[in-house]
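Participant: Structure provided below as structure tokens; questions to follow.
The values are calculated or read from the model by the stated rules, or taken from the named source; none is laboratory data. Since this is a predicted model, take the numbers as computed values, not measurements. Cβ coordinates were reconstructed from backbone atoms using ideal geometry, including for glycine residues, and neighbour counts include every protein chain displayed.
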Amino acid sequence: MDVLYFAYGSCMSPEDLARDVSGFEVVGPALVRGFRLGFTRYSRARRGGVADLVPDMAGVVEGVLYRVPVEQLSALDEREGAPDNYRRDFIAVRTPDGRIYDGVLTYVVADKAPEEIPPHPDYAATIMRGASAMLSPHYVEKLRRHIEQLTERKSGPRPDDDRPRGRRARDERGRRKPKVITIRVGRHARGRSARRAPVSIGPWSFRRG
């Protein structure tokens, strides 16, 4: 038994998906309405923001539709970090020939950051590789511009860091500026100066010319 799976991020590249999931079949391009593509979660593994479907009544997101054997769903869950990082969702998608598929599996970020996080160039390249091979030129260009705009922004805090809370706190303490203390020199070093030392701590056509 197979399930239909809609990929809109790195999994649009079959080569990248095959690193974790085997035996799938590429159905072809598809789109979902009522969402926009955003990068709303920081991933240490991907070293930057990762893709998400963000509700937007005027939005359209293109992606790749797959058939995945049901026995591979656990591998897909593990790849996506479900249910902690991503969670399963079921949507309706449309293919270029006008067919509508209901109840299609996809993954959305479980806890979205308030602002988008720029993706790492390697992750962005994987997304663009899959998009360029399958999606409409209009959407590919729109996606490229969006990633470029995010990359140009200054890197901010990582609101959805997937490190354990205690680990984050220790790392934050480690990044604080080292304290400076004064070392008083004893009589045996009289005459020397006291030293200070730091303490180190778009809707598409699908016509191909």
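Participant: Name every residue in the range 101-121 that is acidic (Asp, Glu) and surrounded by 17 or more Cβ atoms within 10 Å (Cβ to Cβ), in order of residue number.
Facilitator: Correct list: 116 only.
Participant: Name the residues in the range 25-57 that are farther than 18 Å from residue 91 by Cβ and touching a helix residue (DSSP H, G or I) at 6+ places or on another chain (Cβ under 9 Å), would you?
Facilitator: Within the range 25-57, 26, 39, 43, 46, 47, 48, 49, 50 qualify.
Participant: While we're here: All but one of (1) under 20 Å from the mean Cα position of the chain (by Cα); (2) closer than 17 Å to residue 132 by Cα hold for residue 34; which doesn't?
Facilitator: The failed condition is (2).
Participant: Also, I was wondering about something else. Which members of the range 2-60 meet the condition of being touching a Ser or Thr at 6+ places or on another chain (Cβ under 7 Å) and of a type in the set (Val, Ile, Thr)?
Facilitator: Passing the criteria: 50, 54.
Participant: Let me ask something additional. Do any residues in the range 86-100 that are closer than 17 Å to residue 26 by Cα have Cβ atoms under 7 Å from those of residues that are of a type in the set (Val, Ile, Thr), where the two are at least six apart or on different chains, and which pairs are they?
Facilitator: 93/32; 93/104; 94/100
Participant: Now for a different question. Looking at (1) more than 24 Å from residue 128 (Cβ to Cβ); (2) within 17 Å of the chain's Cα centre (by Cα), which is the one condition that is false for residue 10?
Facilitator: Result: residue 10 fails condition (1) only.
Participant: Pull up the range 68-95, narrow it to residues that are surrounded by 16 or more Cβ atoms within 10 Å (Cβ to Cβ) and assigned to a loop (DSSP other than H, G, I, E, B), then point me to the one that is farthest from the chain's Cα centre (by Cα).
Facilitator: For the range 68-95, the residue satisfying everything is 82.
Participant: Take the range 123-139 and flag every residue that is crowded, with 16+ Cβ neighbours inside 10 Å and either closer than 18 Å to residue 95 by Cβ or of a type in the set (Gly, Ala, Ser) (or both).
Facilitator: 124, 130, 131, 134, 135, 136, 139
Participant: Would you check if there is a residue in the range 64-73 being among the basic types (Lys, Arg), within 17 Å of residue 9 (Cβ to Cβ) and at pLDDT 95 or above?
Facilitator: Checked against the condition, which is being among the basic types (Lys, Arg), within 17 Å of residue 9 (Cβ to Cβ) and at pLDDT 95 or above, the range 64-73 yields no hits at all.
Participant: Continuing with this model, one more query. Consider residue 61 carefully, then state whether it is β-branched (Val, Ile, Thr), in contact with a Leu (Cβ under 6 Å, 6 or more places away or on another chain), under 21 Å from residue 145 (Cβ atoms) and assigned to a strand (DSSP E or B).
Facilitator: The answer is yes for residue 61.
Participant: Residues that are modelled with pLDDT of 95 or more: list the helices (runs of 4 or more DSSP H) wholly contained in the range 97-209 that include at least 2 such residues.
Facilitator: Passing ranges, in order: 121-134, 137-152.
Participant: If the requirement is being polar (S, T, N, Q), crowded, with 21+ Cβ neighbours inside 10 Å and more than 19 Å from residue 118 (Cβ to Cβ), which of these qualifies: 13, 22?
Facilitator: 13
Participant: Those residues that are surrounded by 15 or more Cβ atoms within 10 Å (Cβ to Cβ) and out of contact with any Cys (no Cβ under 9 Å at 6 or more places or on another chain), I need them from the range 56-67; list them, please.
Facilitator: 59, 60, 61, 62, 65
Participant: Oh, and also: If you scan the range 1-23, which residues turn out to be touching a helix residue (DSSP H, G or I) at 6+ places or on another chain (Cβ under 7 Å) and part of a loop (DSSP other than H, G, I, E, B)?
Facilitator: Passing the criteria: 1, 9, 13, 20, 21, 22, 23.
Participant: For the list (1) exposed (fewer than 13 other Cβ atoms within 10 Å of the Cβ); (2) touching a His at 6+ places or on another chain (Cβ under 9 Å), I need the number of the one condition that residue 48 fails.
Facilitator: Status for residue 48: all satisfied but (1).
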